[in-house]
């Protein structure tokens with residue numbers, strides 16, 4: 001035990017190093033309390049010494065996927081212009097949305113005061129792609145090449161109508177902040193396959209659009225070691241990652257050992273699980289100083305791979321992040337979340353769609369292609385989508401080269417590919433104006449239940465006791481969408 005831990009702490013005799021009478025009785029009482037706390041809260045209460053271990057010692061079913069890459073398109077892409085062709089809507093452009101379609105459904109304050117809700121069809125052409133004949137927009141030429149690999153859900157629906165609660169709902173299963181996110185639940189359940197990297201990593205790209213909150217990748221009431229760790233595309237991959245000038249690895253290791261000794265002393269005294277989390281975080285950060293620089297250096301990739309993604313070393317871009325996502329899952333990271341901003345098109349269409357599709361289409365398709373050729377797609381689940389859809393009617397003035405679409409939670413599209421889901425498959429149908437669901441509706445809770453199912457987890461059995469009740473990602477709802485399972 002380091003000398004500075006012996007002096008004046010009341011826990012040991014400073015000369016002999018033996019435990020004092022006061023320390024013996026103090027620790028005995030705390031020990032009994034710690035055992036009682038552990039029995040009430042489960043083994044995760046005092047933390048696991050093995051960072052890679054999840055709470056599930058045995059999966060609920062054989063998994064098809066071992067990991068997830070979630071390509072979140074912040075701001076909500078228009079399903080009408082990308083994935084859900086509606087010839088009738090094109091014909092009705094400039095005509096008021098019929099009351100029989102809206103049926104008095106809630107709309108946002110941004111369009112509720114408009115005199116007219118003029119229908120506006122997509123200006124883009126759709127064509128059947130691949131052997132499966134999936135209809136996709138002309139602004140997605142790269143995704144068209146992997147149509148036979150993806151599973152398209154055209155009838156996803158959610159509850160919130162505004163961005164922040166919708167994003168919170170998408171990743172936490174609840175509109176109010178404070179609950180764990182999807183990636184945190186996966187980390188909690190499965191842990192990490194690589195002790196040198198976190199189980200849950202976040203990469204950001206894009207400019208403007210909706211602001212991002214760190215709670216979108218938070219751990220809520222789960223132990224904080226399960227929260228997402230944000231990697232940056234430029235500079236230090238993680239803030240305060242590099243050693244200060246004059247501090248080498250040996251000095252850092254010695255300093256860390258002293259800090260960890262203090263933390264373990266405190267952990268033994270009070271049994272706070274967050275102290276265990278802090279100990280693990282320091283150790284992880286030290287190991288990452290060796291593992292992360294090589295990981296983030298995509299210049300090592302062959303020129304052909306960089307060209308496939310459209311990636312350029314040294315830039316912070318969606319293309320670079322997709323390539324990094326592949327490198328991360330290769331190294332055993334359990335959940336990688338890419339967030340790309342600026343899909344919130346209340347105006348500036350159709351150019352806004354063209355711009356964002358150009359930034360994301362090639363890399364998204366390249367990720368699927370690259371994972372498949374490396375034998376990783378079979379056990380990696382890729383998900384692409386936003387927090388809700390966009391309206392069939394125009395926000396603001398309707399002009400041929402300038403119009404907008406408002407928020408629409410009633411129906412929208414996401415696609416998945418890889419471990420556990422069918423390939424070249426379309427599920428669900430919306431009405432002829434892409435406003436309501438006709439068949440195959442999939443709620444966000446159902447999406448969560450299905451993702452966990454692909455990972456071998458029963459969404460009803462992955463729970464965490466907090467404030468006297470058992471919580472789960474899907475709350476009291478959710479069902480696995482068996483129709484999309486391979």
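The values are calculated or read from the model by the stated rules, or taken from the named source; none is laboratory data. Quantities reported herein were computed from a predicted structural model and do not represent experimental measurements. Backbone-built Cβ (ideal geometry, glycine too); neighbour counts: all protein chains shown.
Observations
- On the stretch given as the range 115-136, residues that are loosely packed, with under 15 Cβ neighbours inside 10 Å, touching a residue at least 12 places away in the same chain (Cβ under 8 Å) and touching a strand residue (DSSP E or B) at 6+ places or on another chain (Cβ under 8 Å) total 3.
- Residue in the range 425-443 that is over 25 Å from residue 129 (Cβ atoms) and assigned to a helix (DSSP H, G or I) present: no
- Any hit, the range 438-454, residues being over 25 Å from residue 189 (Cα atoms), surrounded by 17 or more Cβ atoms within 10 Å (Cβ to Cβ) and touching a residue at least 24 places away in the same chain (Cβ under 8 Å): yes
- Within the range 464-476, being modelled with pLDDT of 95 or more and either within 15 Å of residue 171 (Cα to Cα) or surrounded by 15 or more Cβ atoms within 10 Å (Cβ to Cβ) (or both) holds for 464, 466, 471, 472, 473, 474.
- Residue, farthest from residue 228 (Cα to Cα), within the range 160-180, restricted to residues that are surrounded by fewer than 18 Cβ atoms within 10 Å (Cβ to Cβ) and touching a helix residue (DSSP H, G or I) at 6+ places or on another chain (Cβ under 6 Å): 175
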